[in-house]
Amino acid sequence: MSPKEISLVLVGSGPGSYSGTRVGLAAAQGVALAAGCPVVAVPSVIAAPSALAGSCLVIGDARRGSYWTAAVENGRLVREPELTDEEGFRRLVENAKILISFEDAARTKFPTDRAISFEQPTAALLWQAWRATPPAVQEAWAKEPPQPHYLRPPHITESKRAWPVTK
């Protein structure tokens, strides 16, 4: 495929790892720039196999004693990804039909005894979900500048003093 054949670049906007999401967005913007086409950021949670096949709750460990959840139905985002504490997490997973996570539940301690399916979004599934998305939602996503979906502000440390600039 040549760059001239590319008419749109889709990229998963997260939530996900801070660095991984930023690298993915930067790569997508580079490809779109080379191809001379738009880039659209799409919520990564709609691109999991179970998310395209029915109703599920996508869950993740947001660290620092919190979790994130997003409700998806047939590839459509029903509830945006949001942070919750352990008590809120337990309430949400109690009522979900299917639980999926992009993190291996065997290595991540989720506060539930429910079965959690480990799934990964893929580019092909992101495209499939995009095609199933209503045109009005596609247009709204396309109008937004592509940026990561952060659940909380980045944790940074400001420098203690300003360094002099030399000419």
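The values are calculated or read from the model by the stated rules, or taken from the named source; none is laboratory data. In this text the structure is predicted, and so the values were computed from the model without any measurement. Note that we place each Cβ from the backbone using ideal geometry, even for glycine, and neighbour counts take in every protein chain shown.
Being of a type in the set (Gly, Ala, Ser) and out of contact with any helix residue (DSSP H, G or I) (no Cβ under 9 Å at 6 or more places or on another chain) is the filter here; which residues of segment 25-59 pass it?
Matches in segment 25-59: Ala26, Ala27, Ala28, Gly30, Ala32, Ser50, Ala53, Gly54, Ser55.
In segment 97-114, which residue that is modelled with pLDDT of 90 or more and among the aliphatic types (A, V, I, L, M) is farthest from Leu33 (Cα to Cα)?
Ile98
Across segment 31-65, what is the number of residues that are closer than 23 Å to Thr108 by Cα, touching a residue at least 40 places away in the same chain (Cβ under 8 Å) and not in a helix (DSSP H, G or I)? Quick ask: steps written out before the conclusion?
Taking segment 31-65 as the starting set, the residues that turn out to be closer than 23 Å to Thr108 by Cα are 43-51, 55-65.
From what's left, touching a residue at least 40 places away in the same chain (Cβ under 8 Å): 43-51, 55-62.
Imposing the further condition that a residue be not in a helix (DSSP H, G or I) reduces the set to 43, 48, 55-62.
So the count comes out to 10.
Quick check, is Gly14 in contact with a strand residue (DSSP E or B) (Cβ under 9 Å, 6 or more places away or on another chain), surrounded by fewer than 23 Cβ atoms within 10 Å (Cβ to Cβ) and closer than 30 Å to Pro111 by Cβ? Working first, answer last.
Details: in contact with a strand residue (DSSP E or B) (Cβ under 9 Å, 6 or more places away or on another chain): yes; surrounded by fewer than 23 Cβ atoms within 10 Å (Cβ to Cβ): no; closer than 30 Å to Pro111 by Cβ: yes.
No: the conditions fail for Gly14.
Of the residues Ala62, Ala48, Ala32, Ala53, only one is at pLDDT 90 or above and of a type outside the set (Phe, Trp, Tyr); which? Spell out how you get there, then give the answer.
Numbers: Ala62 fails: at pLDDT 90 or above; Ala48 fails: at pLDDT 90 or above; Ala53 fails: at pLDDT 90 or above.
Sole residue among the options that is at pLDDT 90 or above and of a type outside the set (Phe, Trp, Tyr): Ala32.
For segment 112-133, how many residues meet the condition of being of a type outside the set (Asp, Glu), touching a residue at least 40 places away in the same chain (Cβ under 8 Å) and not in a helix (DSSP H, G or I)?
The number of residues fulfilling the criteria is 6.
Look at Leu10 and say whether it is over 17 Å from His149 (Cα atoms) and not in a loop (DSSP other than H, G, I, E, B). It would help to see each step written out before you state the result.
Values: over 17 Å from His149 (Cα atoms): no; not in a loop (DSSP other than H, G, I, E, B): yes.
For Leu10, the condition - over 17 Å from His149 (Cα atoms) and not in a loop (DSSP other than H, G, I, E, B) - is not met.
Just the residues that are in a helix (DSSP H, G or I) and of a type outside the set (Phe, Trp, Tyr), please, taken from segment 13-30.
Ser19, Gly20, Thr21, Arg22, Val23, Gly24, Leu25, Ala26, Ala27, Ala28, Gln29, Gly30
Please state which of the following conditions Arg91 fails to meet, knowing it meets all the rest: (1) closer than 26 Å to Pro146 by Cα; (2) out of contact with any Gly (no Cβ under 9 Å at 6 or more places or on another chain); (3) at pLDDT 90 or above.
Condition (1) is where Arg91 drops out.
Out of everything in segment 83-108 that is in contact with a helix residue (DSSP H, G or I) (Cβ under 9 Å, 6 or more places away or on another chain) and either polar (S, T, N, Q) or assigned to a strand (DSSP E or B) (or both), what residue ends up being surrounded by the most Cβ atoms within 10 Å (Cβ to Cβ)?
Applying the first criterion (in contact with a helix residue (DSSP H, G or I) (Cβ under 9 Å, 6 or more places away or on another chain)) to segment 83-108 yields 84, 98-100, 102.
Add one more test, that the residue is either polar (S, T, N, Q) or assigned to a strand (DSSP E or B) (or both), and what stays is 84, 99-100.
Working: Thr84: 17, Leu99: 20, Ile100: 22.
Here the residue is Ile100.
Looking at Ala70, Ala41, can you tell me which residue is surrounded by 16 or more Cβ atoms within 10 Å (Cβ to Cβ), closer than 14 Å to Gly12 by Cα and either in contact with a Cys (Cβ under 9 Å, 6 or more places away or on another chain) or modelled with pLDDT of 90 or more (or both)?
Ala41
I'd like the full set of residues that are surrounded by fewer than 12 Cβ atoms within 10 Å (Cβ to Cβ) and under 11 Å from Val42 (Cβ atoms), limited to segment 141-154.
Scanning segment 141-154 gives a single hit, Glu144.
Looking at this structure, is Ala27 over 18 Å from Ala129 (Cα atoms), surrounded by 17 or more Cβ atoms within 10 Å (Cβ to Cβ), at pLDDT 90 or above and more than 15 Å from the chain's Cα centre (by Cα)?
Numbers: over 18 Å from Ala129 (Cα atoms): yes; surrounded by 17 or more Cβ atoms within 10 Å (Cβ to Cβ): no; at pLDDT 90 or above: yes; more than 15 Å from the chain's Cα centre (by Cα): yes.
So Ala27 fails the test.
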